[in-house]
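Here the structure comes first, spelled out in structure tokens, and everything after it is commentary.
The values are calculated or read from the model by the stated rules, or taken from the named source; none is laboratory data. Please read these numbers as outputs of a predicted model, since none were measured by experiment. When we count neighbours, we look across all protein chains shown, and the Cβ atoms used for this are built from the backbone with ideal geometry, even at glycine. These accessible areas exclude ligands, DNA and RNA; they are computed on the full protein's heavy atoms, side chains included. Shrake-Rupley method; radii C 1.70, N 1.55, O 1.52, S 1.80 Å.
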Amino acid sequence: MGMLTSLFTGVSGLASNGQGLSVVGDNIANANTVGFKGSRTVFADILSSSLGGSSAFQVGRGSFIQNAQAVFGQGTLETSSNPLDMAIEGDGFFILQDAAGAQFYTRAGQFNLDKDGNIVNPEGLLLQGKLLTGTQAGQVSTINVASLNSPPNPTSKVKVSANLNSATAAKDPLSGTADSFTIDASNQTIVFEEAGTRLTATINPGTYDGAGLATAIQNAFNNAPGRTLDYTVNYTVGADGRPPRFVISANGAFTPLWGDADTTAEQILGFRSITPAAAGTSFTADYVAVGFDPNKASNTSDFSTSITVYDSLGYGHLITVYFRKTAESVDLDGSGTDTITGNRWHYYAVVQSADSTQGQVQIGAQGYLEFDTDGRLVRDIQQYGNTPGAAFDFTGGVTQSQTIDFDFGTGTAAGGSGRDATTQYGSASSVIFQQQDGYASGSLKSLTIDNTGTMVGTFTNGQTLKIAEIYLARFIAPTMLTKQGRNLYTESAASGSPIIGSPNTSGRGRVMASSLETSNVDLAEEFVKMIAYQRGFQANARVITTTDDMLTELMQLKR
């Protein structure tokens, strides 16, 4: 009977509108849930029968809920104080994994560190990304930062920008301490070889002039235990601004071991170069530390600056660079003539005895700075000749002979302006800028994520390291994903397989750091739907009560 059908039609309307109200209630309940995507109710009609045969007079039997469809519209982004919080602007999902390896997807970017150093969501699921460091670099895996550290980097270059006062008087290489030498227990040995046998000459302590030191060196060689040759040492006073020279000769071949850790005399004598004769029976040793005494550096230099450098294990060592304006001749090509035509400063990079394996003050590097009359740097000449100790031997069981390049700017001879770093102007000597490229080891201090989705670690030594790239998953049919609760989704046959890759590529959205995506639920819209469903429910209830009244009237016809 038609009237009974209307009762069931009204019941279906009550059920449909009640379910629609449930969807609205769920949306409203999650209005403050991070990353929540609201749903909309999809109603459909129920066709029961056709009256009149094929006359197409079709009567419906009510309605039902065909689907509660997710709405993946963009939620508003809000700023977060947690550096690990992230939001996706555009399409895509964060990829999560549980301990069993099951994969989940979410738009809620609330992350933090667990006790094992993993990046996890509030449920403890592990965030996945492309690792950029470690043995698994290049693989998509769990992001873990527990064992990250920054290894030390030994200093290989020091850059100094300074002004050296042009009014400083150049030192005469034959004045002051230039021809006065003090020998004591810290600088009295010279190591040499005869026919492969290592021998040691020990100079008697005392204060000598040039000729006296030559005699003392000659005696030291001839008194060396085990020597077989006869040695003579001649001293030549410098001329035309050239430094004094010591020429050591023997009646056979021998090899002086300048730069050897046991040759301590080179620190006070400052020998510059070694030139063996054709038969290997003599050599000359010019000392370049003219007037400069590393043990009395502050008194025998015009200006200095200090900087901490780092060895292969990350230990810091203080190096002091001393500058001395000099009139000494500089022979770069072996021609016997002065190669530098402009004003010149001699610099010495000195490390103190406590930091040197030689157990004494060490000149690790030295050279000359040449300037023109406009105060521009012409040349920066480091490791002049065969300078002994052209590298540093630091204490602490580290790699020895650490070479450090000292950069004072690009001179005009090399095509530079001569004004980009070190100059010689008429103002007080001062350091403008100095920098070195080494650093100690460091442990992880903080994590940040940039807008490319790259997680960057900052370490206690000031260094940064790219740790991982947050990967996103995109689905062809995201509305068909299966909800798992707790802001999680899993793929389904209808959603298609995830397309995984870097943010902001292949249709995937951008990752916004220190941000969270709020729920995309529009409360005003939900309230309107609530009213509509309420009215629909009331109307269907009226269908039922009206049908009941009609049936009551029908029952009263028999009276």
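Yes/no matrix, rows are residues, columns are (1) out of contact with any Gly (no Cβ under 8 Å at 6 or more places or on another chain); (2) surrounded by fewer than 20 Cβ atoms within 10 Å (Cβ to Cβ):
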site	(1), (2)
Tyr489	yes, no
Ala494	yes, yes
Ser497	yes, yes
Gly501	yes, yes
Ser506	yes, yes
Glu517	no, no
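Pull up the stretch 226-241, narrow it to residues that are at pLDDT 90 or above and touching a Leu at 6+ places or on another chain (Cβ under 7 Å), then point me to the one that is least open to solvent (accessible area, probe 1.4 Å).
Gly226
How about the stretch 151-170: which of its residues are assigned to a strand (DSSP E or B), open to solvent by 50 Å² or more (accessible area, probe 1.4 Å) and closer than 20 Å to His346 by Cβ?
Across the stretch 151-170, the qualifying residue is only Lys159.
Filter the stretch 498-516 down to residues that are in a loop (DSSP other than H, G, I, E, B) and touching a Pro at 6+ places or on another chain (Cβ under 8 Å) and give me whichever is nearest to Thr479 (Cα to Cα).
So the residue we want is Gly509.
Against the definition (surrounded by fewer than 18 Cβ atoms within 10 Å (Cβ to Cβ), of a type outside the set (A, V, I, L, M), more than 30 Å from Pro83 (Cβ to Cβ) and under 28 Å from the mean Cα position of the chain (by Cα)), how does Thr341 come out, yes or no?
No, not satisfied.
Can you list the strands (runs of 3 or more DSSP E) lying wholly within the stretch 1-110 that have 1 or more residues being under 46 Å from the mean Cα position of the chain (by Cα) and either modelled with pLDDT of 95 or more or β-branched (Val, Ile, Thr) (or both)?
Of the strands (runs of 3 or more DSSP E) lying wholly inside the stretch 1-110, those with at least 1 residues that are under 46 Å from the mean Cα position of the chain (by Cα) and either modelled with pLDDT of 95 or more or β-branched (Val, Ile, Thr) (or both) span 77-79, 86-89, 93-97, 103-106.
Any chance the stretch 205-220 includes a residue that's at pLDDT below 80, assigned to a strand (DSSP E or B), open to solvent by 30 Å² or more (accessible area, probe 1.4 Å) and charged (D, E, K, R)?
Yes, the stretch 205-220 contains a residue that is at pLDDT below 80, assigned to a strand (DSSP E or B), open to solvent by 30 Å² or more (accessible area, probe 1.4 Å) and charged (D, E, K, R).
Looking at the stretch 530-559, which of its residues are of a type outside the set (A, V, I, L, M), open to solvent by 50 Å² or more (accessible area, probe 1.4 Å) and under 20 Å from Gly38 (Cα atoms)?
Hit for the stretch 530-559 is Gln534, nothing else.
Could you run through the stretch 124-141 and say how many residues are open to solvent by 30 Å² or more (accessible area, probe 1.4 Å) and polar (S, T, N, Q)?
Residues that pass the stated criteria total 4.
Considering only the stretch 443-456, state which residues are buried (at least 20 other Cβ atoms within 10 Å of the Cβ) and either polar (S, T, N, Q) or at pLDDT below 95 (or both).
Ile449, Gly453, Thr454
Criterion first (open to solvent by 60 Å² or more (accessible area, probe 1.4 Å), touching a residue at least 40 places away in the same chain (Cβ under 8 Å) and not in a loop (DSSP other than H, G, I, E, B)) does Lys483 satisfy it?
yes
Given the structure, is Ala440 within 29 Å of Leu125 (Cα to Cα) and either surrounded by 14 or more Cβ atoms within 10 Å (Cβ to Cβ) or not charged (D, E, K, R) (or both)?
No, not satisfied.
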